[in-house]
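The values are calculated or read from the model by the stated rules, or taken from the named source; none is laboratory data. Please read all numbers here as calculations on a predicted model, not as lab measurements. In this analysis, Cβ positions are derived from the backbone assuming ideal geometry, glycine residues included, and neighbour counts consider all displayed protein chains.
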Amino acid sequence: MAEVSGLTVPRAVEEWRAWLAHERRASRHTLDAYERDLARFIVFLTGHLGQEASLADLAQLKPSDFRAFLAAEQARRRSKTSVARSLSVVRNFFRFLGRRGLAENARLASIRTPKRPQSVPKALTIPEASELLDAVESEGAEPWHGARDAAVLALLYGSGLRLGEALGITRREAPVEPGSLIVLGKGRKLRSVPILPRVAEIVAAYVAICPHNPGPDGPLFLGARGGPLHPRLVQGTVTRLRRGLGLPETATPHALRHSFATHLLAEGADLRAIQELLGHASLATTQRYTKVDLTRLLEVHRAAHPRS
């Protein structure tokens, strides 16, 4: 493979990933997703160019080459959101190469990002959320498993946490008293979230019966053998409950965070306050919840209006 400054493309990818991890502090999930997207681009180039691409090849790519990649992604029936993310990852990689003086390609700037469809968060109704939270305590091979899962879901719905944020809480930080909790969110940003009395009570009940003690700096939520609780276990529990309760397929752990925001908005909470609670960098992201609320109002109107 051809080299520029003694560096091959695979080696440049390794350095890019290390930069994302240490300088940008990207999560393992983000790193893996970015690497998969970039790998698709590099594999495409191998077939498109008829050889493994070098850094010199990357610098010479034309707009038509980038458009051919997007067309190939769309031909694979990938969603516009996924294609847009792949292009964003490619841009990120090329910016990294440019900053390191490894490859410059200004032609990429001329490529338009596919327009992403505006998705509306899928929130549960208040009765559905309550039903899910009430049922989760009976799940699990051991009573403490149900208490643990109930505590996780209570933090998602009661405090608007992402699942990863809840699983990142340490035993020292366990919110066993009402008040507030500082969580580490996306982009390594800290924010304060409320801990309602009922949420604190559920977390305290779990802590009281958990048979494992990982120490103050160990994870609050533990698996059956005392290791960190894997998010897939929580997702699997919710899937079983969803099917048993007849809830929609959109009833996922993340839907509880959406429900937290939607139900606050329905009760008159300020949009800026919800933005702060959710840890959104942009108000535009939070504004999606106004569409959820409007959609629900229209459904009620259609069902109740005498002329509907």
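Things worth noting here:
- Residues of segment 226-285 that are modelled with pLDDT of 85 or more, under 24 Å from LEU190 (Cβ atoms) and among the hydrophobic types (A, V, I, L, M, F, W, C): LEU229, VAL234, LEU256.
- The residues of segment 137-173 that are surrounded by fewer than 19 Cβ atoms within 10 Å (Cβ to Cβ), more than 18 Å from ALA26 (Cα to Cα) and in contact with a strand residue (DSSP E or B) (Cβ under 9 Å, 6 or more places away or on another chain), listed by number, are THR170, ARG171, GLU173.
- Residue within segment 235-258 that is within 23 Å of the chain's Cα centre (by Cα) and more than 20 Å from ALA123 (Cβ to Cβ) present: yes
- Residues of segment 26-73 that turn out to be over 15 Å from PHE96 (Cα atoms) and part of a loop (DSSP other than H, G, I, E, B), as a count: 8
- Output for segment 96-114, where each listed residue is outside any helix (DSSP H, G or I) and either touching a residue at least 60 places away in the same chain (Cβ under 8 Å) or at positive phi (or both): ARG100, GLY101, LEU102, ALA103
- Looking at LEU97, LEU133, just one residue is of a type in the set (A, V, I, L, M), in the same structural domain as GLY47 (by TED's automatic domain parsing) and surrounded by 19 or more Cβ atoms within 10 Å (Cβ to Cβ), and that residue is LEU97.
- Picking from residues in segment 28-65 that are touching a Lys or Arg at 6+ places or on another chain (Cβ under 7 Å) and surrounded by fewer than 15 Cβ atoms within 10 Å (Cβ to Cβ), the one that is nearest to ALA84 (Cα to Cα) is PRO63.
- Qualifying residue in segment 287-296 (condition: modelled with pLDDT under 70 and under 17 Å from the mean Cα position of the chain (by Cα)): yes
- Of PRO197, PRO175, all but one fail to be touching a Leu at 6+ places or on another chain (Cβ under 6 Å) and either outside the structural domain of THR239 (by TED's automatic domain parsing) or modelled with pLDDT of 90 or more (or both); the exception is PRO175.
- Per this entry, ALA84 is counted among residues that are surrounded by 14 or more Cβ atoms within 10 Å (Cβ to Cβ), small (Gly, Ala, Ser) and part of a helix (DSSP H, G or I).
- Any chance LEU7 is modelled with pLDDT under 90 and among the hydrophobic types (A, V, I, L, M, F, W, C): yes
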